[in-house]
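Quick note: the coordinates plus some simple rules give every number you see, no bench work behind them. Values in this document were obtained by computation on a predicted structure and should not be read as measured data. Methodologically, a virtual Cβ is constructed for each residue, glycine included, from the backbone with ideal geometry; neighbour enumeration extends over all protein chains shown.
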Amino acid sequence: MAVEIRSRRLVITDTRDAFVLRRYLNDNERTIARPAKDLWKRQAKLVTVETAKQALNTGAVPAEWEDPWERMIREFVRDDITPEWLASIRTAGSRIAKKVNLLQRKQFDFDSTMTSVKGWIDDEGGKLIVNLTAGQMGSVNALLQDQIALGVTSPYILAQRIRPIVGLTEREALAVARFMASLVEENIPANVVNSQVANYAKFLHKNRASRIARTELSNSYNFGQMDSMRQAVAAAELPGEPEKSWMAGGQNPCEICQGNEDAGDIALEAAFPSGHLHPTAHPQCECAVGYSARR
Ligand SMILES: [Zn+2]
C-alpha cells in the first residue's frame, strides 16, 4: 500500500480501494447468492396442491406458507448472511487499520467485537428479515390475486404457477405470470410452457440472488470501513480531522450517488446529501468512500 500525502492530507482510501471493494463483491457474491437460491427452493416446496386449495378458498396467503417462510428467512439472515457481514466488516476494517498503521507507524487493530459492530448487525438483520418477509408476502399475494382475477380455480394450476415465483419481487413475479399467460394463449403444450417458465424464473432468481448478495456485502464492507475510522479516531490514531468523500460506482451512477459524490469532502460523522453515512444508498449500489485525514 502506497503512502500518499496530498496537500497536507493523509489519504487512507481512494479509487484503488473502490476497485478492491468490487473485487471483494465478485469473489464473495456466491457465499450469499447460493444459500438465497436454496432458501427459495425450500420455500417453494411448501406450495402444495393442498395449501394452494386453502389460498383459493380464502383468497389470501395461507399461514402454512407465511409462518415457515418467515422462520426460514430469519434462519437465512442469521446463519448465511450474518457470518458474511462479519467477514466483510473484518476485511474492510482491518484494511483501514493497516493503512492507518502504515501512515502513522502505529499498532492500531480493528476490533470487530465492539458493540458498534454487534449493534449494526442486529439492526440490519432485523430490517432485512422484515423487508424480505414483507416483500415475499407482497409478491406472492399479488400473484395470487392476479390468478384469481384470471379465473384460476384449480389448486393444482395455482400451485404450479406460484412455485416458480417464490423469492422474486412483485414486479418479477408478475412478469413471469404475463410470460406464462402469453405462452398459454399461443396454445403451446403445457410441458413446454412449464419448462420455459421455469427457465425464465431461474434467470430472475439468479439475478435477484446476486443483487441481494452484492448489496449486503457492499453495505457491510462500507460499514466496516466507517467503523474502523471511528475506532481510529477514538484511539487517537489520526493526526487531524478525518474526512470522507463519496466515490460513485460504475460508468453511469444514479442521481442519488452522483449527488453524494458532488458534495466533495465532508466530516467523518456528517451525512451525505442522500442522508446516508456511507454506501449503500440503495439496492445494488456499489459506491465506495474515500477516507482521509487533514493534518
Ligand atoms: Zn451508489
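For the chain, modelled as a Gaussian network with Cα springs under 10 Å, which listed residue fluctuates most, E186, E29, E172? Comparing E186, E29, E172 in the GNM, the peak value goes to E186.
Per residue, the chain reaches -21500 deg cm²/dmol at 222 nm when only DSSP H runs of four or more residues are counted, each adding -39500 (n - 2.57).
Taking every C-alpha pair closer than 8 Å and separated by at least 6 residues, the mean separation divided by the residue count of region 174-295 gives a relative contact order of 28 percent. Rounded to the nearest 20 debye, the dipole magnitude of the chain is 800 debye, with +1 charges on Lys and Arg beta carbons, -1 on Asp and Glu beta carbons, and the Cα centre as origin. Extension gain, S94 to R30, is 20.8 nm, computed as 0.36 nm per intervening residue step minus the present C-alpha separation.
When the Gaussian network model of the chain links Cα atoms closer than 10 Å, the mean-square fluctuations of A92, A33, A55 top out at A55. Computed from the C-beta positions of A270 and T113 and an R0 of 22 Å, the FRET efficiency is 0.25 to the nearest 0.05. Per residue, the average separation of C-alpha pairs within less than 8 Å and at least 6 apart gives region 1-81 a relative contact order of 29 percent. FRET efficiency for the N252 to A63 pair, using the beta carbon distance and R₀ = 51 Å, is estimated at 0.70. With R₀ fixed at 22 Å, the C-beta to C-beta distance from D262 to T15 puts the FRET efficiency at about 0.85. Expressed as a fraction of 2.2 N^0.38 Å, the C-alpha radius of gyration for region 1-150 is 1.50. The alpha carbon centroids of region 235-287 and region 178-229 are separated by 29 Å. Region 31-238 has equivalent-ellipsoid semi-axes of 45, 17, 11 Å, by the square roots of 5 times the alpha carbon gyration tensor eigenvalues, sorted largest first.
Counting every other Cβ atom within 10 Å of each residue's Cβ, D111, D17 order from fewest to most as D111, D17. Remark: T133, T113 ranked as T113, T133, counting other beta-carbon atoms within 10 Å and listing the fewest first. How far is helix 30-44 tilted off the main Cα axis of the chain, in degrees rounded to 10, range 0 to 90? Long axis of 30-44 versus the principal axis of the chain: about 20 degrees.
Relative to the dominant Cα principal axis of the chain, helix 63-75 is inclined by about 20°. Sequence-distant contacts, meaning Cα pairs under 8 Å at least 6 residues apart, place the relative contact order of the chain at 29 percent.
Going 7 Å from the Cα of N131 along its beta-carbon direction, which residues of region 204-241 have the amide nitrogen within less than 16 Å of the resulting point? Taking a point 7 Å out along Cα→Cβ of N131, the residues of region 204-241 whose backbone N falls under 16 Å are 208-224. Taking every Cα-Cα distance in region 1-82 and sorting them into 10 Å bins from zero, the calculated P(r) comes out as 15, 26, 19, 15, 12, 8, 4, 0 percent. Would you work out which of G135, S218, P189 lies farthest towards the positive end of the dipole of region 31-238, given +1 charges on the beta-carbon of Lys and Arg and -1 on that of Asp and Glu, about the Cα centre? So the residue furthest toward the plus end is S218.
Mind putting together the pair-distance distribution for region 183-295? All Cα pairs, 10 Å bins, whole percent per bin, short to long. Here the calculated profile for region 183-295 is 13, 33, 21, 13, 10, 6, 3, 0.
Axis of helix 170-185 versus longest Cα principal axis of the chain: the two differ by about 30°, to the nearest ten degrees. Ordered by the number of other Cβ atoms lying within 10 Å of each residue's own Cβ, fewest first, S88, S274, S139 fall into the sequence S274, S139, S88. Normalised by residue count, region 71-165 yields a Cα convex hull volume of 113 Å³ per residue.
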